[in-house]
1. Give me the net charge of Phe116's neighbourhood, meaning all other residues with Cβ under 12 Å from the Cβ of Phe116; Lys, Arg count +1, Asp, Glu -1.
2. Give the long-range amide H neighbours of Phe378: residues separated by 5 or more places, or on another chain, with amide H under 5 Å away, using H modelled in the peptide plane at 1.01 Å from N.
3. Using amide H atoms built 1.01 Å from N in the peptide plane, name the residues 5+ places from Leu323, or on other chains, whose amide H lies under 5 Å from its own.
4. Remind me, relative contact order of region 92-178 in percent, using alpha carbon pairs under 8 angstrom and six or more residues apart?
5. Give me the lysines in straight-line cross-link reach of Lys482: C-alpha distance below 30 Å, same-chain residues under 8 apart excluded.
6. For region 42-138, which trypsin sites (Lys or Arg not before Pro) are both in a DSSP coil and crowded by at most 16 other Cβ atoms within 10 Å?
7. Along region 46-59, what does the Karplus equation 6.51 cos²θ - 1.76 cosθ + 1.60 (θ = phi - 60°) give for ³J(HN,Hα), rounded to whole Hz, x for Gly and Pro?
8. Long-range amide H contacts for Gly233: which residues qualify at under 5 Å (H placed 1.01 Å from N, peptide plane, sequence gap of 5 or more or a different chain)?
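Please treat every number below as a calculation from the coordinates, not as lab data. Note that the coordinates shown come from a computational prediction; the quantities given were computed from them, not determined experimentally. Note that we place each Cβ from the backbone using ideal geometry, even for glycine, and neighbour counts take in every protein chain shown.
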Amino acid sequence: MWRKYKWPVVLALLVVVSFAFRKPAEKYFDIAKSLDIFATLFKEVNAYYVDDVDPEKLIRKGIDGMLQSLDPYTDYIPEDEIESFRISTTGQYAGIGALIGIINKKAVVTEPYKGFPANRAGIRVGDEIISVAGKNVQGKSTSEISALLKGQPKSEVEVKVRRQSKDISFKIKREKISISNVTHADLIDPEIGYIKLDDFTPGASREVSEALVKLKERGAKKLILDLRDNPGGLLHEAVNIVNIFIPKGLEVVSTRGKADEWNKKYTTLNLPVDTEIPLVVLTSGGSASASEIVAGALQDYDRAILIGEKTFGKGLVQTTRPLSYNAQLKVTTAKYYIPSGRCIQALDYAHRKDDGSVDKFADSLKAEFKTKSGRKVFDGGGLDPDVEIQGDILGPVEELLINNGLLFEYASKYCAEHETLPALENFRLSDEEYFKFVDWVKAQKFQYTTQLERNTRELIEAAKKEKFYPEMEKELNSLKAKIESNKSNDLLRFKKEIVWLLEEQIAFHYALSEGAARISLARDPEVLESKKLLNDLVSYKKYLAPL
């Protein structure tokens with residue numbers, strides 16, 4: 001039977017999204033009418049549908065479908081998902097401090113957070129989790145295993161892992177885990193500091209400020225702030241990070257929504273740490289939301305040069321609203337505008353096509369704005385970097401080695417066989433070791449299909465269908481054989497790219513994010529361009545001057 005407690009949730013959600021632009025009297029009538037239709041429809045389905053229906057699942061599908069018609073960021077969060085939502089927004093929970101993933105159908109530790117219980121106990125990247133508290137977890141989902149690992153602070157849990165065929169048990173005391181937003185901060189040149197910011201959970205601005213102060217104490221006179229692939233987070237943390245580099249009292253971002261309560265201006269409230277240090281901000285197509293506020297505000301005030309790729313283009317603000325029975329609604333309430341006045345939202349969700357797809361704002365509709373010094377910038381479609389450098393595009397063999405977990409698994413194997421941590425700054429995989437990797441990959445029966453192969457198969461099928469195949473058979477089969485021959489050599493043809501990926505994965509296994517950074521930063525194109533520009537302050541200042 002219909003479960004009564006779900007009705008308030010449905011009512012609240014329908015009120016939020018229905019008939020937003022009608023006159024009040026008409027709106028209230030239409031809301032009441034729609035809810036009445038919905039209720040009677042469900043009663044009829046529940047009573048007469050040929051099979052039993054699960055009310056909770058059916059209503060959840062209705063809610064999800066309704067909200068998906070708005071934008072991807074408006075979500076219903078039922079009571080049993082509130083804890084996961086809280087962890088994702090605060091970065092805090094009680095457990096052993098380890099990220100779990102599924103690699104080739106095995107639940108493995110993909111990252112034991114540095115300095116937390118799992119890391120201190122000796123659990124390593126790549127350890128397969130066999131049991132938690134005596135319960136076998138093989139075949140279980142990551143959410144099920146994570147639930148077993150979490151618990152009250154100071155409580156003890158036994159975790160059994162398998163490391164290269166050897167089973168090891170650990171007794172670990174849980175504690176409150178607070179995941180760092182800054183994953184790496186170091187000098188990468190005698191006078192150039194580097195800060196990698198991966199998130200905007202509580203404390204992000206404090207972490208960036210503290211990292212900058214420490215780097216300056218070590219001699220940093222220039223800075224690279226890396227926001228690549230940072231999906232964003234808390235708005236006030238973005239404002240406070242901008243405040244580190246610009247004076248008190250300046251507007252960082254404003255929000256504008258349908259309701260007056262969402263029309264707000266956010267200004268810097270504190271004294272800055274450094275308003276003069278030459279600054280480069282690295283961006284990518286995965287830099288979104290709060291990342292774009294930071295990068296965009298610093299660009300608008302001509303306080304930093306943006307290097308990398310065009311950003312994602314998320315100019316929407318979400319707020320959580322309480323619903324009945326401890327559920328919540330995360331709903332888009334406003335768009336945000338950075339100091340020049342531009343909104344960088346790329347997709348126009350208000351004008352979906354008949355098929356439900358969403359177009360980007362047309363270039364012809366993009367408006368021109370000015371930075372503080374008069375440089376031209378544009379709205380709609382993310383932030384354009386001042387120096388554009390396209391990130392490396394992975395070839396099919398590299399992508400599949402990553403997606404199939406083979407690079408990860410071989411790195412686990414390599415580290416188990418080489419217990420001593422190498423000097424990572426000079427670590428390079430030998431040709432001999434790479435060919436061991438190639439042999440190992442082949443032993444795993446690694447197979448993949450390239451897009452070129454798929455296109456060739458389609459071409460052959462089209463030729464057969466249209467009766468051209470007998471005339472073209474020789475050429476088509478020759479093309480097919482050539483593609484297969486080239487593919488068989490991909491592990492050698494893309495050796496340089498695969499070696500780089502494997503070296504970074506091995507370094508991560510040894511020393512987590514810090515280890516991977518030591519390997520990657522020395523050959524990172526965006527970092528190298530940033531260093532070049534920061535070491536030529538005449539060119540640096542030219543970028544910030546009006547055209």
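1. Details: positive: Lys114, Arg120, Lys173, Arg174, Lys176; negative: Glu111, Glu175.
It works out to a net charge of +3.
2. It is Phe369, Asp384, by chain and number.
3. Gln328, Leu329
4. On the way: 188 pairs, mean separation 29.6, N = 87.
Normalised by residue count, the contact order of region 92-178 is 34 percent.
5. Within the straight-line limit of under 30 Å, Lys482 reaches these lysines: Lys436, Lys442, Lys445, Lys464, Lys465, Lys467, Lys474, Lys495, Lys496.
6. Working: sites: Lys43, Lys57, Arg60, Lys61, Arg86, Lys105, Lys106, Lys114, Arg120, Arg124, Lys135; in loops: Lys105, Lys114, Arg124.
Answer in residue order: Lys105, Lys114.
7. Each residue's phi maps through the Karplus curve to give 4, 7, 10, 4, 4, 10, 5, 10, 8, x, 5, 5, 5, 5 Hz.
8. The list, which skips near neighbours in sequence, is Ala290, Ser291.
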